[in-house]
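Below is one structure, written out as structure tokens; comments come after it.
Bear in mind these aren't lab numbers, they're just calculated from the coordinates by the rules spelled out. Quick caveat: nothing in here was measured; it's all calculated off a predicted structure. Every residue, glycine as well, gets a Cβ built from its backbone with ideal geometry; the counts of neighbours run over all protein chains shown.
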Amino acid sequence: MKTIINTSNAPAPIGPYSQAVAAGGLLFVSGQVPINPTSGEVITTGITDEAKMVMENLKEILTEAGVGFDSIIKTTIFLTDMQTFAQVNDVYGSYFSTDFPARETVQVSALPKGVNVEISVIALKP
């Protein structure tokens, strides 16, 4: 059995997918990009602002699912430029305190809406 998680506090999906799906004690959160959920505006004011918007969107979906960043067990970060890794990593790291999740970071040639960062997560869902 699976449960679909959606919240208006994060951007609506821009394709045929859900913001998150809970199944088998896990929560799979779709990749989030820096779109302001209120205005629908793509954030393009710099990689730090983009990363913060992505993390806030993830936070809203996790909250809707009843979990927090401490429940995340795996993340994937997609960047269009690996030179921005340090700035993204600083923002990302500020959302975790201990017991950090497993993670990979990959550079890709392009991301939806022309953004520079996308992050997806897998979390435990009690």
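Enumerate the residues in the stretch 101-115 having an amide nitrogen under 13 Å from the point lying 7 Å beyond the Cα of residue 42 toward its Cβ. Output list for this probe position: 110-115. Counting only Cβ charges, +1 for Lys and Arg and -1 for Asp and Glu, the dipole size of the stretch 2-124 around its Cα centre is about 300 debye.
Across the stretch 55-88, the residues whose backbone nitrogen lies under 17 Å from the label position 7 Å along the beta-carbon direction of residue 105 are 55-56, 74-88. The stretch between residue 124 and residue 89 holds 10.4 nm of extra length on full extension. This uses 0.36 nm per residue minus the Cα-Cα distance. Per-residue extension of 0.36 nm, minus the Cα-Cα distance of residue 113 and residue 76, leaves a gain of 11.5 nm for this segment. Once Cα extents along the principal axes in Å is calculated for the structure shown, the corresponding label among (i) 46, 34, 25; (ii) 39, 32, 22; (iii) 45, 30, 22 turns out to be (ii).
For residue 30, the residues whose modelled amide H falls within less than 5 Å of its own, excluding neighbours fewer than 5 places apart on the same chain, are 20, 21. Each residue of the stretch 36-42 was assigned a 3J(HN,Hα) from its phi angle through the Karplus expression (A = 6.51, B = -1.76, C = 1.60, θ = phi - 60°), giving 6, x, 7, 9, x, 6, 7 Hz with x at Gly and Pro. Partners of residue 113 within straight-line reach, counting lysines whose Cα lies under 26 Å from its Cα and excluding those fewer than 8 residues away in the same chain: 52, 59, 74.
Between residue 103 and 75, the built amide H atoms are under 5 Å apart, and every one of these is 5 or more places off in sequence or on another chain.
Bridges between two residues of the chain, per DSSP, are antiparallel at a rate of about 80%.
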